[in-house]
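Single-structure report; data block below.
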Amino acid sequence: MSEERLVDVLFWVFAIGSVVTGYRVFRTDSMVRAAFYLLASFAAVGGILVLLGAEFLGMVLILMMAGEMLVMAIVMVMFMMNPAGLNPMWMVHQHRIAVAAGVVAFLAIASLGFLVDFPDQPNARPELATEQLGIELLGDSMLVFQTAGVALLSTMAGVVVLASRRGRYGIADEGSEEPPLQPDEVDLLGEEATP
Amino acid sequence: MRQFLARIAAGAPVPVFAIAGAGAREQVQDLRLNPGVRLVDSPREANVLLVAGAMPESLAEPLQRIHDAMSHPRCTVVAASPEGRDLHAWLPDATAVALHEPIAGGLVDVHRGILRGDRPSEPALLPDVEPAPWRGVGPFGQGGTGMTGGTPYGRPMADLLDDRDGLRLDILPLTVGPFFPRFPSGLILQATLAGDVVVESAIEANPFTDLDFEMVTPSPTLGPFLRALSAPVPIAELELARARSHLRWLADALVSQGLHALGVRVLALAARVRPGDGEEVRKLERLLRGTQVFRWSLGGVGPIAAERLIAIAAGPVARASGIAEDARADDPAYRELGFTPVTQRAGDAAARWRQRLAEAEQALDLAGRAGPRQTEVRGQVEGPRGLLLAEGAPTGRLYELVPELLAGLEWGDAIATIVSLDLDLEEAALAAQLTAGVPVA
Amino acid sequence: MRTYASPEFALLAVGFTMVVGIYVVAMLDHVVGGRVAARPLLWREIVAGPARSAALLIVQRRMTTERTDTPGWMLAPALFAALAATALALVPLGPDLVVADPETGFVVFSAAIAFVMIAVFLHGWSPNSALPLHGAYRYAAQALSFQIPFLLAMLATALPAESLSIVEIVAAQESAWNVVRQPLGLPIYLVVGLAVSFWGPLNLPDGADLAGGTSAEDSGIARLLWQAARAAMLVAIAAMGAAGFLGGWWGPWLSGIVWMLLKTVALLVLLIAAGHLLARVRIERFVVVAWVLLIPLALVNIFVSGAFLL
Amino acid sequence: MTLEALLVVAGALFGIGVYGALSQQSFVMLMMGLELMINAAILALVALWALAAGGNPQGQMLAVVFMTVMAVEMALGFALITNVYRVRRADITEKLRRLRG
């Protein structure tokens, strides 16, 4: 098998894999499985990035997503009422609109490839991709890179404050109670009905 | 191919899930010394189930459940004195071996036989039943209703409870025991876990209290102490038994810290020590300090305040919390030897480990200097796990403290705490029966 | 694109290395364990022991629990083994003796290490049983804690090489091994290495206090695969440590490949001895040490080696 | 592996993401939809960088920024979920009738 053919075969495997697993995310009852399907989808996209010559980006995407999806799986188990999917679940709203929006988004982006005449300029020096990225990161785009770093740092500080129990006004969950699911139990101003 | 593999496999150490009943704790523990046998933590890994000693009736069903959890090809070996006939009724396919001979040879033979196919793998003993009826109930016949209702596949859905950070999250109710390898035989703990934290726990009644101890030979490390209740016993013998008991406990405790090989070394030492070998224990303590076990694993874990231990007479556990109570201090023979109780101050698991090491060392020194001196008969004796009296045993009282000690601990710390208490349910039950005037051999 | 071996050769070479490595780990474990236990060691048992135990697990029929996630349970050991194979394929035995040397070798290795947590979580979650699930949660806490110190410690080795390729990282150590230039790197790496392959003091997910943890429900071939994958990962950690910190193939008198093998075995002995001589660490303590001690130390390591390069 | 094929795949992933983000009630599932959308964006971006931009390194740079956005989105999302659950005991969007704290 020639190298080009191998790349083509791998691309279609990854492409179909990423779409199928991406679809399965919303079609499984178990939350942990959903997180793992999403991870599989990301890993397949990471594989496509590597095939495209963006080795560094592809591998970093896979590296990042492993930790992220593990956290997601655990958050799922923590917060969902039925994490193992023992009872079949169908937790959706505005389903028709969502399907329509999804189809429209797909058609819009997919048609771009056929309608727009993109220049045919493949990467001339694919073997230099990683080096070029490094020089770009610490050269011309230094400011962007630094901004991203500062944004991540402030996010870290922000989320710790958000997630922690003790806030400026004392314990965050004091007096909290589960809101009712039926809308008529809540008046229009959004205040909970007094029992 | 399979035959060929089975022939090679016959040379491997036999994976045994061993259950020690009354009077067999030492024999089962000594299996660790035999390279032909490997004691495993999970019945799934085992091919051979060993049940040794006497078992109360209430443990029959758990025994059968362990049996059914083992992988094929599987077999059972029962090592019991003649009075253990019940065991054969509960485990009909079991092979019997004599309890008071080395068991390992029998285990290897039975295992080889089952690998060769000389006898079939044992079938399940219990019927395969659902924990709760569910078939045909609910919209998909899965037993559930809605998203979180019912008992899908026979399992209740997880409950919610506030965790220590104030988030209301899923909890996991879990029954551990009666044959959890890190627990003393028969201990059944019902824990409610939130993640890694034991939120609350309860202990079930000691199953060994149903056993009639008149029929059971007490274990060799306990025997001298029971005799000392009614007759003078040489101090050298008593103190040697105490040191051995502490070292045997240490061997198991090391396994719970993941130090299997070191546990084997300590077990061999327990069999080898002679009166006056205090230096051996000092060397051992240096080795243990090198493993960082006191700092990394036990320091600050499961502290017990001294006031919780007053009037429990919990022996080393009480002395580790700073209570200098020891029945030996009142014995004139011990006073002649210049005995004063050793104590620790911290009261945590590390202190209890150190306390037992120090006591083993002191016991060996005392035994070395005791000469022909004998104990005075006073109806009470300081056992390795605390005061043995005509009524009530130390483990019986410590046992009740467990749920309160575990609340809020992480699972690993909870295990370390339970291990550090050196509970012995068999001894507690036996001591409770001493009131009836059981004659002890 | 840098050098890659042909697929057939790669499969053969990595497979062979894995089998030999796993066998060596099993033998070393037996020898070190026997020494610590003060047990007499017999040559016959050392050499044949691992094969016999493996045969026993192959003969054993697998038992399952109820309502398992069967694909996940099957996938977990295979995934773990594949990750160990990926990590091993990246380690060069000599300047030209490497299965795969991508430009971003360091990132690929890190991604393989990061994916281990997925394999372990899957392995603990899928049997639908309490103790394995508990082990899985523990490994999640452990893995999220060691991830950053691991990346930082490994990243420092890429600084003198000015490359992310593992071959370049080794080649740059001709004048001085990284263990000399960055003395903090190797200890951090080894601690993390024990955590990655959950070995000895950091065997928290499969620990004795959980009666086997994530592998408590394993039997038969699945158990064999899982244990083998774990040993293979330990080999990969030791080999990468030898390449990244101990100068790989560089060394006087002997040929490069011999040096590389010697260093790998030396690190393996160190890791396995730590397993028998150090007590289990409490998970809480490990998490605190990882975040509060290892991360700052790894940062200092990077700053210092960066300052030397300037 | 043509640009058209890559954009079809990216479009499919984005469409699934839009569907998930709009239809799911559970916060975490909703975030999974967002993640898939960003994933598709990264794929399209790198495809255009590799096949239509002559390997301009700024294309990769933009992908790095996208990844940062993804990380920030995840972290903030999890923190908000934790906070909302702590304060309101809500884990699905229907339980949030007001956005005031």
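The values are calculated or read from the model by the stated rules, or taken from the named source; none is laboratory data. Since the structure is predicted, the reported quantities are computational estimates derived from the model, not experimental observations. Don't worry about glycine lacking a Cβ; one is built from the backbone with ideal geometry, like all the others, and counts go over all protein chains shown.
A few comments on the model shown:
- So B:VAL293, is it of a type in the set (Val, Ile, Thr), within 14 Å of chain C (Cβ to nearest Cβ) and closer than 23 Å to C:GLY34 by Cβ: yes
- Checklist (1) more than 9 Å from chain C (Cβ to nearest Cβ); (2) outside any loop (DSSP other than H, G, I, E, B) applied to B:PRO275, failing item: (2)
- Selection count, segment C:146-185, where residues are buried (at least 23 other Cβ atoms within 10 Å of the Cβ) and assigned to a helix (DSSP H, G or I): 13
- Matching entry among B:ARG119, B:ARG112 (being in contact with a helix residue (DSSP H, G or I) (Cβ under 7 Å, 6 or more places away or on another chain) and at pLDDT 75 or above): B:ARG119
- The residue list C:LEU41, C:LEU57 contains one member that is within 24 Å of B:LEU259 (Cα to Cα) and not in a helix (DSSP H, G or I), which is C:LEU41.
- Residue in segment B:391-404 that is closer than 21 Å to B:LEU229 by Cα and modelled with pLDDT of 85 or more present: no
- Pair list, Cβ under 9 Å, 6 or more apart: segment C:85-96 residue acidic (Asp, Glu), other residue surrounded by 21 or more Cβ atoms within 10 Å (Cβ to Cβ): C:ASP96/C:VAL167
- Residue check, C:SER175 free of Cβ contacts under 8 Å to residues at least 40 places away in the same chain and polar (S, T, N, Q): yes
- Selection from segment C:120-137 of residues that are touching a residue at least 60 places away in the same chain (Cβ under 8 Å) and out of contact with any Lys or Arg (no Cβ under 9 Å at 6 or more places or on another chain): C:VAL120, C:HIS123, C:PRO127, C:SER129, C:LEU131, C:PRO132, C:HIS134, C:GLY135, C:ALA136
- Residue satisfying all of: in segment B:176-221; of a type in the set (Asp, Glu) and part of a helix (DSSP H, G or I); nearest to the chain's Cα centre (by Cα) among these: B:ASP210
- Only one entry in B:VAL129, B:VAL176 is surrounded by fewer than 13 Cβ atoms within 10 Å (Cβ to Cβ), outside the structural domain of B:ALA54 (by TED's automatic domain parsing) and β-branched (Val, Ile, Thr), namely B:VAL129.
- Here the condition is being at pLDDT below 90, more than 9 Å from chain B (Cβ to nearest Cβ), touching a Leu at 6+ places or on another chain (Cβ under 7 Å) and closer than 27 Å to C:LEU270 by Cβ; of C:VAL47, C:VAL31, C:VAL25, C:VAL14, it holds for C:VAL14 alone.
- Considering each residue of segment A:83-102 in turn, at least one proves to be crowded, with 22+ Cβ neighbours inside 10 Å, within 7 Å of another protein chain (Cβ to nearest Cβ) and not in a helix (DSSP H, G or I).
- Selection count, segment D:1-28, where residues are under 30 Å from D:VAL84 (Cβ atoms), more than 7 Å from chain A (Cβ to nearest Cβ) and not aromatic (Phe, Trp, Tyr): 2
- One residue from B:ASP331, B:ASP348 being buried (at least 17 other Cβ atoms within 10 Å of the Cβ), within 14 Å of chain C (Cβ to nearest Cβ) and not basic (Lys, Arg): B:ASP348
- Each residue in segment C:211-221 was checked for being surrounded by 24 or more Cβ atoms within 10 Å (Cβ to Cβ), more than 7 Å from chain B (Cβ to nearest Cβ) and either farther than 19 Å from B:VAL419 by Cα or not small (Gly, Ala, Ser) (or both), and 2 pass.
- Flag not set for C:ALA229, criterion: closer than 27 Å to C:LEU79 by Cβ, buried (at least 18 other Cβ atoms within 10 Å of the Cβ), touching a helix residue (DSSP H, G or I) at 6+ places or on another chain (Cβ under 7 Å) and within 14 Å of chain B (Cβ to nearest Cβ).
- All positions within segment A:103-138 that are of a type in the set (Asp, Glu) and assigned to a helix (DSSP H, G or I): A:GLU127, A:GLU131, A:GLU136
- Number of residues in segment D:15-37 that are within 16 Å of A:MET72 (Cα to Cα) and of a type in the set (A, V, I, L, M): the value is 8.
- Among the residues listed as B:LEU267, B:LEU254, B:LEU238, B:LEU262, the single one being assigned to a helix (DSSP H, G or I), of a type in the set (A, V, I, L, M), touching a Pro at 6+ places or on another chain (Cβ under 6 Å) and crowded, with 23+ Cβ neighbours inside 10 Å: B:LEU238
- Meets criteria (within 21 Å of A:TYR23 (Cβ to Cβ), assigned by TED's automatic domain parsing to the domain that holds A:ARG27 and out of contact with any strand residue (DSSP E or B) (no Cβ under 8 Å at 6 or more places or on another chain)) for A:ALA100: no
- Selection of segment A:20-36 for residues being facing chain D (nearest Cβ under 9 Å) and surrounded by 20 or more Cβ atoms within 10 Å (Cβ to Cβ) yields A:GLY22, A:VAL25, A:PHE26, A:MET31, A:ALA34, A:ALA35.
- Per-region count, segment C:251-273, residues crowded, with 23+ Cβ neighbours inside 10 Å and within 18 Å of C:VAL167 (Cβ to Cβ): 3
- Filter result (polar (S, T, N, Q) and either on the phi > 0 side of the Ramachandran plot or at pLDDT below 90 (or both)) within segment B:221-251: B:THR221, B:SER230
- Hey, D:MET37 at pLDDT 90 or above, more than 7 Å from every other protein chain (Cβ to nearest Cβ) and in a helix (DSSP H, G or I) or not: yes
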